[in-house]
Amino acid sequence: MKSQKVKKAIVSVTNDLVSDNRVHRTCSVLTEMGYEVILVGRRLTGSLPIQRAYKTHRFKLLFKRKFTFYAEYNVRLFFFLLFHRADLLVANDLDTLVANFYISKIKKCPLLYDSHEYFTEVPELIHRKKIQRFWSKIENKIFPKLPFAITVSDSIANEYSKKYNVPVYTIRNVPTIKENKKKKDVSLIFHSFTNLLMYQGALNIGRGIENLIESMLYLDSDTVLLIVGKGDVEKDDEGIEIMETLGRNMAWLLKQLKPAQVGP
């Protein structure tokens, strides 16, 4: 009797894998379903070590940003997918879709597209019209040919379904419920504050983070805002000015952490 061949899934994303909890959950679910998973991303200079229950592979790229980065990543990803067997491909966001789509056609392999945002309308693109048109052309060419897709909210799902006449399903981003037997008393860390507010995630422009920080000016002085993450807001003049206005007594900015380090 022949042993049953193990199903393999290759999941790809353009970040360094460490703090992307949505992609980690996708890989964990696929593992539970019996797939042997390889998660593909990229290695940055300051990337933390990563250890998962599934395989990971991070490209060390020559280019770090802009068009050259996306071009190099997709070429590297294309050949990686070409020479690795897969029964399922998972593309996370539009910047991984090109390589995944064409390999899925060449190998006749099922493709799942997960759009983490309304990619062509993100703040990083809406004021850069040439780049926005470039990504829009890719989306307009490939999205209508997908059997279905998933995304993070009903509003984005409805917009994509209406625009491309493709079924798009919502899988929301929610924290993982996990009992922490080694609970730390937050009051020991922030003993002089009654209320602790926490933002966890990428500090990208357009997510309302500047407004969140500024709103601290209207709260009592015994409230502290704890920010866990990094991103464009740190480099944004308005964001920096607001954080400097609040002072260190009201906002802490922690850099990238592994999901397990944050906890419920």
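A few points about this structure:
- Taking a ≥ b ≥ c as the square roots of the eigenvalues of the alpha carbon gyration tensor, segment 100-157 is oblate, as a/c is not under 1.5 and a/b does not beat b/c.
- Over 25 Å apart at the Cα level, from the set Lys8/Lys66; Lys8/Lys163; Lys137/Lys162; Lys64/Lys145; Lys66/Lys129, are Lys8/Lys66; Lys8/Lys163; Lys64/Lys145.
- Among 89-98, 13-22, the order from most to least packed when residues are scored by Cβ within 10 Å on average: 89-98, 13-22
- For segment 11-78 and segment 156-179, distance of Cα centres in Å: 21
Computed from the coordinates by the stated procedures, all read-outs in this text should not be read as laboratory data. All figures in this text were calculated on a predicted structure; none of them were measured in a lab. Cβ: placed from backbone, ideal geometry, glycine included. Neighbour counts: every protein chain shown.
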